[in-house]
Amino acid sequence: MRLAVINRKKCIFKDCYKPCISFCPGVRTGDETVIEKDGAIVISEDLCIGCGICTKKCPTDAITIINIAKEQDDIIHQYGENAFRLYGLPIPVKGQVTGILGANGIGKSTALNILSGKIKPNLGILDKTPTDKEIILKFRGTGLQNYLKDLFEGNVKTIYKPQHIDTIPDMFKGTARDILKDERGVLEKVSKKLEIDHILDQDIKTLSGGELQRVAITAAIIKDVDVYYFDEPSSYLDVKQRLAVAKAIRDLAQANKSVIVVEHDLATLDVLADNIHIIYGTSGTYGVISILYSAKRGINTYLDGFIKEENIRFRDESLVFDKYDVNFKGFEKLIKYDNIETKLDKFKLKVDSGYIYKGEIISIFGANGIGKTTFAKIIAGDIKADKGQLKENIKIAYKPQYLSSDYTGTVTELLMSITKDFVTSKYKAEIIKPLELASILESNVQNLSGGELQRVAIAVVLSNKEAEFILMDEPSAYLDIEQRVKFAKLMRRFIENNKKTCMIIDHDILLLNYVSDRSILFKGTAGTLGHAGSPDKLHLVINDFLKDLKITFRKEPQSGRPRANKLNSQKDQEQKSKNKYYER
């Protein structure tokens, strides 16, 4: 089946000379393959021969033509003519947590919106609205038939924790407690477990992103419903908070509730999910939801990029977490610093002396609120410590934790204002391609999504040729799994080829394990005291970090990734008895 999808935000219909029409072979032979309709371009998928000329000639890359091994009858939902479509739906399983694993922009949130009743599927029928009976018949003989029947008749109750929690302060007024309607009598227990009991009486507008996320998750958990839907619950949270959230969500399944979770953090999915649906496709074009797998097999199948049961390869190569140790003997020390101490209001930070080698990538582990970003800003020169400073005067490129989209021009204009290398083939191969920026180069920076803005911010930092030291605060935020792996590979190549040095602060253990040479561990009490040790070997720091969290990781043979053991499993207890929290 051939799909023709037009990105209406990119299509400049009124100001375009319309090469999609003038160069189309079908149009030239008299067919209405591409036409103007109601002030827009429309492509007939039945007449399109898939030559790809329109996709190459379109000045804004607004057209995608793709062949897929699915029939038109399999469509669950389509957003309009020449628009995104979804094939298949996940199945809620009573007493279990089902994860949905896939790239950004291929229908994960659409699937959750349909199952939670926020969107009624149109089955790809655009000229009329299907009846409830027609929709139910579509799923005859499957587990979804009875579920959708009960959903439409109001016999099943659902709650949906949305992906974008930053809009909550605009939707609600008052304190956090005001929006927490406890229907299960568990608010006190859950608020303590997620460590928000001390902020319940604060104004919702004063809460940080991590606090808002945990309030939103708590608001869902305390509802007495049949099915719970969580869209990216780990965003803004540190590793300890992610584990607490995972345990709280698993408690719902143990109470015989159905739970479906969309998540990009594989370590969180290891702890959280009983089973997994893979969703694959092309961003902004289509998405296909697979059959149900066990959590381990589902993650490994997704990383492999090949679904044996359907004989479908949805990625050209497997995502492999190769790891190698670098011997820094003889390397030049780029940065040296003495013991650092500083005080910000009631918060105190102490950092043990250390040094950073030229050409290494050093990572920072630790909970939120214990000084990681403060240390980054001291290194970057944005904050002057009370005691101890850098011994060298080096040029630093800094990507902050919270991104701003104040720039009013396009992505191309922004990058060209930073580097003259933008037009070179090396720059395109080294930065544009791995960060997947080609499709958004002509987009206005202010209109970018969170993931797009993150990738542009990374490109901006890497485009600073004068910088000797690259400092990145939470670069994995808003990125899907594939984008995180591509980012890690990009950084290894970039640092090596350009003789740079890099420090990365992040909460994704898999990313930091892959990309780091050495690491620094932060410990302390959030908002009160932070203490950082000297840089040390990565596996020693991770082992110390995981020991504090009381969780163990082992190496997955198939992909090489560090895989979280199920809490209190035989393997978990065995590694703990050997003080081997991180098995390489």
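The values are calculated or read from the model by the stated rules, or taken from the named source; none is laboratory data. In this text the structure is predicted, and so the values were computed from the model without any measurement. Glycine also receives a Cβ, built like all others from the backbone with ideal geometry; neighbour counts cover every protein chain displayed. Just the protein is used for accessible areas: all its heavy atoms, side chains included, with ligands, DNA and RNA removed. Shrake-Rupley method; radii C 1.70, N 1.55, O 1.52, S 1.80 Å.
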Legend entry - All positions within segment 537-584 that are over 28 Å from the mean Cα position of the chain (by Cα) and either buried (at least 16 other Cβ atoms within 10 Å of the Cβ) or part of a helix (DSSP H, G or I) (or both): Q570, K571, Q573, E574, Q575, K576, S577, K580
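Yes or no: S404 within 30 Å of L237 (Cβ to Cβ), without any contact (Cβ under 8 Å) to a residue 24 or more places away in the chain and under 24 Å from the mean Cα position of the chain (by Cα)?
Answer is yes for this residue.
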Inset, instruction - Residue by residue through segment 155-206, note down the ones that are under 19 Å from Y236 (Cα atoms) and among the aromatic types (F, W, Y). - result: Y160
Legend entry - Single unsatisfied condition, Y514 versus (1) open to solvent by less than 10 Å² (accessible area, probe 1.4 Å); (2) out of contact with any Leu (no Cβ under 6 Å at 6 or more places or on another chain); (3) of a type in the set (S, T, Y): (1)
Inset, instruction - Considering only segment 36-55, state which residues are without any contact (Cβ under 8 Å) to a residue 24 or more places away in the chain and within 32 Å of the chain's Cα centre (by Cα). - result: G52, T55
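Within segment 104-150, how many residues are assigned to a loop (DSSP other than H, G, I, E, B), at negative phi and open to solvent by 20 Å² or more (accessible area, probe 1.4 Å)?
Pass one, segment 104-150, residues assigned to a loop (DSSP other than H, G, I, E, B): 104-107, 116-131, 139-142.
This time we only want the ones that are at negative phi, so: 104, 106, 116, 118-122, 125-131, 139-140, 142.
From what's left, open to solvent by 20 Å² or more (accessible area, probe 1.4 Å): 104, 118-120, 122, 125-129, 131, 140, 142.
Final tally of qualifying residues: 13.
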Legend entry - Pair list, Cβ under 8 Å, 6 or more apart: segment 186-213 residue closer than 13 Å to Q241 by Cβ, other residue of a type in the set (K, R) and buried (at least 21 other Cβ atoms within 10 Å of the Cβ): L194/R214; E195/R214; I196/R214
Legend entry - Tally of residues being at pLDDT 90 or above and not in a strand (DSSP E or B) across segment 339-357: 3
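Out of segment 173-212, which residues are part of a loop (DSSP other than H, G, I, E, B) and open to solvent by 20 Å² or more (accessible area, probe 1.4 Å)?
Hits for segment 173-212 are K173, G174, K181, D182, E183, R184, G185, V186, E195, D201, Q202, S208.
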Inset, instruction - With respect to V34, determine if the residue is under 21 Å from Y286 (Cβ atoms), crowded, with 16+ Cβ neighbours inside 10 Å and either touching a helix residue (DSSP H, G or I) at 6+ places or on another chain (Cβ under 8 Å) or among the charged types (D, E, K, R) (or both). - result: yes
Legend entry - Failed item in (1) open to solvent by 10 Å² or more (accessible area, probe 1.4 Å); (2) within 12 Å of S363 (Cβ to Cβ); (3) not aliphatic (A, V, I, L, M), with C502 passing the rest: (1)
Legend entry - Of all residues making up segment 401-440, the number that are surrounded by 15 or more Cβ atoms within 10 Å (Cβ to Cβ), in a loop (DSSP other than H, G, I, E, B) and charged (D, E, K, R): 1
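Looking at A526, is it under 22 Å from E583 (Cβ atoms), out of contact with any strand residue (DSSP E or B) (no Cβ under 8 Å at 6 or more places or on another chain) and small (G, A, S)?
In short, no.
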Inset, instruction - Read through the list (1) without any contact (Cβ under 8 Å) to a residue 24 or more places away in the chain; (2) touching a Lys or Arg at 6+ places or on another chain (Cβ under 7 Å); (3) within 21 Å of S353 (Cα to Cα), then give the number of the only condition that L540 fails. - result: (2)
Legend entry - Condition broken by H531, with the remaining ones in (1) of a type outside the set (S, T, Y); (2) crowded, with 20+ Cβ neighbours inside 10 Å; (3) outside any loop (DSSP other than H, G, I, E, B); (4) in contact (Cβ under 8 Å) with a residue 40 or more places away in the chain satisfied: (2)
Inset, instruction - Give the residue that is farthest from L441 (Cα to Cα), with candidates limited to residues of segment 459-484 that are surrounded by fewer than 21 Cβ atoms within 10 Å (Cβ to Cβ) and among the hydroxyl-bearing types (S, T, Y). - result: Y478
Legend entry - Pair list, Cβ under 9 Å, 6 or more apart: segment 1-23 residue within 17 Å of N444 (Cα to Cα) and of a type in the set (S, T, N, Q), other residue in a helix (DSSP H, G or I) and modelled with pLDDT under 90: N7/S439
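Name the residues in segment 461-486 that are closer than 13 Å to S363 by Cβ and either over 17 Å from the mean Cα position of the chain (by Cα) or of a type outside the set (S, T, Y) (or both), would you? Quick ask: steps written out before the conclusion?
First, the residues of segment 461-486 that are closer than 13 Å to S363 by Cβ: 470-476.
The answer is I470, L471, M472, D473, E474, P475.
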Legend entry - Residue count, segment 273-291 (criterion: in contact with a Ser or Thr (Cβ under 9 Å, 6 or more places away or on another chain), more than 23 Å from G560 (Cα to Cα) and open to solvent by 30 Å² or more (accessible area, probe 1.4 Å)): 3
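Would a scan of segment 542-563 turn up a residue that is touching a Ser or Thr at 6+ places or on another chain (Cβ under 8 Å), farther than 18 Å from R242 by Cβ and at pLDDT 90 or above?
From segment 542-563, those touching a Ser or Thr at 6+ places or on another chain (Cβ under 8 Å) are 542, 546, 559; that's our starting set.
Still in the list and also farther than 18 Å from R242 by Cβ: 559.
Add one more test, that the residue is at pLDDT 90 or above, and what stays is none.
Scanning segment 542-563, I find no residue that is touching a Ser or Thr at 6+ places or on another chain (Cβ under 8 Å), farther than 18 Å from R242 by Cβ and at pLDDT 90 or above, so the answer is no.
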Inset, instruction - Filter segment 1-25 down to residues that are farther than 11 Å from T60 by Cα, modelled with pLDDT under 90 and among the aliphatic types (A, V, I, L, M), then give me how many there are. - result: 1
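Which is under 15 Å from Y160 (Cβ atoms), of a type in the set (D, E) and open to solvent by less than 20 Å² (accessible area, probe 1.4 Å), of D226, D231?
Details: D226 fails: open to solvent by less than 20 Å² (accessible area, probe 1.4 Å).
Matching residue, one of D226, D231: D231.
Return the residue satisfying two criteria in turn: it lies in segment 214-223 and is in contact (Cβ under 8 Å) with a residue 40 or more places away in the chain and out of contact with any strand residue (DSSP E or B) (no Cβ under 9 Å at 6 or more places or on another chain), and of such residues it is nearest to K94 (Cα to Cα).
Only one residue tops the list, namely I222.
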Legend entry - strands (runs of 3 or more DSSP E) within segment 452-527 that include 1 or more residues of a type in the set (S, T, Y) and touching an Asp or Glu at 6+ places or on another chain (Cβ under 9 Å): 501-505, 518-525
